[in-house]
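Shown next, in structure tokens, is the structure this report addresses.
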Amino acid sequence: MRVLGIETSCDETAVAIVDDGIDMKSNVVASSMQLHVKYGGVVPEIAARSHIEAIIPTIQEAIEQADTNWDEIDAIAVTYGAGLGGSLLIGVLTARTLAITKGKPLIACNHVLGHVYANFIRKTNLENYDIVDQAPEFPMLAIIVSGGHTQLALFESHLKYRLLGRTQDDAIGEAFDKVAKILGLPYPGGPSISAAALKGDDRAFILPKAKVGKYDFSFSGLKTAVLRLAQQQVGESFDFPSYRLPERLNEGQKANIAASFQRVAIETIADKVITAIDEFKPNSVVLAGGVAANKALRDKLASVVPCSLVIPDIKLCTDNGAMIAALGGWQLKNNLPLADPYTLDIAPNLTM
Ligand code: KG4
Ligand code: ZN
């Protein structure tokens, strides 16, 4: 089963081809990220316009990179939620049109579940991918950490899962992005914070861990605590405007705040993971979503997870088409219903 996957939920126009949910034949990502940098976050209208320009060339490139053609493609998978409405629309309308004109089955994929299924890609001939040929075993605990989601899910088998808990406010990636903004570090905040943290002392400051439900998360209090800390560090009161903090904080203060924030954010995830492992005794733990690219998080989990820990190659952690093509393949294998190419709608608020 050769599946072409299309992912346009945010600022990446991403297309890939994966065989049987396992073997990645191509993976092409065109990002409009550089256009958003000066605004400090993704501007939905700019992202949607960029998808319109990039989608056809990206599909073409994915087909060429896989050295295949439409006759050999068995199905088209597309992200229909969650994400930005305008961005999702471009991917879904393109996939619907192709499914009709090329006469291919259409598979509707949940973006967040797609992140989890990046962990089932076990083979590729593409260069520069670090992939281990070991499928995660069930029961499987999935840690989903991205710009829009922070949740723990327990999978008893393929596509059968129970959500254990989720964030009650900000997602962890969002917290990285907001803290980066407070410190004046460039967007996207995740990579900027982790780079700054390398130069700082992660025990320089005590920051609070939120007290929420057993498997739930909350990061907005941590973000506010960082803001208060930064104001205090420059000797100002709590009504000092955050946009003036970057010019007042020195490099050492920024590095120490970044490191202390990152440590607490990562420990928050690790604490819940340890609790879930004790309770559910999974055979594997998988990490998914853009924040899975964070080296300190990977290292921390590697030190606390007693069973097999599977983490995708960094290029498969942030948004990509391969995770959608892989998920599409597994949905086909498990006989999940196909989507109707004449009616499939976007679902910007879709949850797992
Ligand atoms: O999964 P993703 O590409 O998009 C969503 O579905 O949200 O995740 C993007 C998020 C952003 O918040 C970004 O700052 C974060 O992932 N991120 C990181 C790192 N690389 C990306 N966070 C922490 N450390 C990183 N190295
Ligand atoms: Zn994502």
- line: Per the list (1) within 16 Å of ligand 2 (Cβ to nearest atom); (2) at positive phi; (3) modelled with pLDDT of 95 or more, residue check on residue 281 breaks on (1)
query: If you go through the stretch 248-256 one residue at a time, do you hit one that is more than 16 Å from ligand 2 (Cβ to nearest atom), surrounded by 15 or more Cβ atoms within 10 Å (Cβ to Cβ) and not in a helix (DSSP H, G or I)?
result: yes
- line: Matching residues in the stretch 1-34 (within 16 Å of ligand 2 (Cβ to nearest atom) and either under 23 Å from residue 85 (Cα atoms) or surrounded by fewer than 20 Cβ atoms within 10 Å (Cβ to Cβ) (or both)) number 17
- prompt: For the stretch 269-292, what are the residues that are of a type in the set (Val, Ile, Thr) and closer than 28 Å to residue 121 by Cβ?
  reply: 269, 273, 274, 277, 285, 286, 291
field: Whichever residue in the stretch 334-343 is assigned to a loop (DSSP other than H, G, I, E, B) and touching a residue at least 12 places away in the same chain (Cβ under 8 Å) and, among such residues, is nearest to residue 119 (Cα to Cα)
entry: 334
query: Which residue pairs have Cβ atoms closer than 9 Å, lie 6 or more positions apart in sequence or on different chains, and pair a first residue in the stretch 69-90 that is free of Cβ contacts under 8 Å to residues at least 40 places away in the same chain with a second residue that is surrounded by fewer than 24 Cβ atoms within 10 Å (Cβ to Cβ) and not polar (S, T, N, Q)?
result: 69/63; 70/63; 70/98; 70/102; 70/104
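One line per residue, one yes/no per condition, for (1) surrounded by 15 or more Cβ atoms within 10 Å (Cβ to Cβ); (2) closer than 15 Å to residue 116 by Cβ:
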| position | (1), (2) |
| --- | --- |
| 317 | yes, yes |
| 329 | yes, yes |
| 332 | yes, no |
| 345 | no, no |
| 351 | no, yes |
- prompt: Restricting the search to the stretch 314-329, which residues are assigned to a helix (DSSP H, G or I) and under 17 Å from residue 2 (Cα atoms)?
  reply: 322, 323, 324, 325, 326, 327, 328, 329
message: Filter the stretch 97-142 down to the residues that are of a type in the set (D, E, K, R) and assigned to a loop (DSSP other than H, G, I, E, B) and list them by number.
response: 104, 122, 127, 130, 133, 137
query: buried (at least 23 other Cβ atoms within 10 Å of the Cβ) and assigned by TED's automatic domain parsing to the domain that holds residue 111, is that true of residue 62?
result: yes
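The values are calculated or read from the model by the stated rules, or taken from the named source; none is laboratory data. Nothing here was measured: the structure is a model prediction, and the numbers come from that model. For neighbour counting, all protein chains shown are included, and Cβ atoms are generated from backbone atoms with ideal geometry for every residue, glycine included.
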